[in-house]
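Bear in mind these aren't lab numbers, they're just calculated from the coordinates by the rules spelled out. In this text the structure is predicted, and so the values were computed from the model without any measurement. Here the Cβ positions follow ideal geometry from the backbone for every residue, glycine too, while neighbour counts run over all protein chains shown.
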Amino acid sequence: MARRFEQIIEDQIKLWERSNVGGGRREQPHPVITISRAFGTRGAALAELLGRRTGFTVWDQELVQAVAEEAGGDERLMRSLDERHRKAIDDAVRGALMGSPHTNTQYLRALMRVVQTIAHHGDAVIVGRGANYILAPRDRLSVRLVCPLDACVRRYAEREHLDEETARRKIVEMDAVRAEFVRYNFKRDPTDPADYDLVLNAATFDLDALADLVLEAYTRKTGVRLPVAV
């Protein structure tokens, strides 16, 4: 699995480097889309669909975490930036962490630097890891997926071939873990709808409709209508 992560990082850096050759890089990259989700709402599947429809690079929870944790992964991403932008990101991270009592400051700093780097290059969908709390509102459209617990349990149990009692325990446990990650690292409640540009009920809409709504909100917030990738 580590090789897969390293290859994705390598391929993405090559794309960024090619986009800068000959001054062809856009002066203003497209803002990213961040997706926060209750467990079992298929946030990763929505991110993949958005990636296919827009051509955006998708960074899921495991990838963002792996980039921050893998030895050298964070530095490879940072080297894709010029000195001016790298200094601005480092300054922002130092300011955010000043006086922090966290014992995992090194991990959080790496995570923040990676997310800031991705946002600088733009054209990306980031799933989880509190990315909406790391980036300024102008740099992202933040989306939250929710679902009534009973509906989420039924759907998750069916998808994973579990009994509903087991599915419910898994959902409750994972939601608690995700909420604790956000509360500990960002001092925020991930269920607060005021922290998002758009909150969508995954029990009401299928994936295609969810993607339509996200892209419409993206256009209304950013003024950019994304071309649909063929």
| remark: For the range 172-182, in residue order, the Karplus 3J(HN,Hα) values (coefficients 6.51, -1.76, 1.60; θ = phi - 60°; whole Hz; Gly and Pro = x) are 4, 5, 5, 4, 5, 5, 5, 5, 5, 4, 5
| When the Karplus curve 6.51 cos²θ - 1.76 cosθ + 1.60 is applied with θ = phi - 60°, which whole-Hz ³J(HN,Hα) does each residue of the range 123-134 get, with x for Gly and Pro? | 6, 8, 10, 10, 9, x, 6, x, 4, 5, 7, 7
| task | Return the sequence-ordered ³J(HN,Hα) values of the range 40-53 in whole Hz as given by the Karplus equation 6.51 cos²θ - 1.76 cosθ + 1.60 applied to θ = phi - 60°, using x for Gly and Pro. | result | x, 8, 6, x, 5, 5, 5, 4, 4, 5, 4, x, 5, 6
| Cut-off under 5 Å, modelled amide H: who pairs with Thr57 long-range | Ala124, Val125
| query | Which one of Ala157, Leu145, Pro227 has its Cα pushed farthest toward the positive end of the charge dipole of the range 142-230, where Lys and Arg give +1 and Asp and Glu give -1 at the Cβ? | reply | Pro227
| Amide hydrogen neighbours beyond the local backbone of Thr34, cut-off 5 Å, H modeled | Ile126, Leu141, Ser142, Val143
| said: Under 5 Å between amide hydrogens, which residues at least 5 positions from Tyr196 or on another chain qualify, with H placed 1.01 Å from N in the peptide plane? | reply: none
| request: Multiply the residue gap between Phe181 and Thr166 by 0.36 nm, knock off their C-alpha separation, and tell me the result in nm, one decimal place. | output: 3.1 nm
| note | PRE zone check, label point 7 Å out along Cα-to-Cβ of Ala45, amide N under 18 Å, scope the range 142-164, hits 144-164
| task | With a Förster radius of 35 Å, plug the Cβ-Cβ distance of Glu158 and Gln28 into 1/(1 + (r/R0)^6) and report the FRET value to the nearest 0.05. | result | 0.20
| query | What's the exposure ranking of Leu200, Leu149, Leu210, going from fewest to most Cβ atoms within 10 Å? | reply | Leu149, Leu200, Leu210
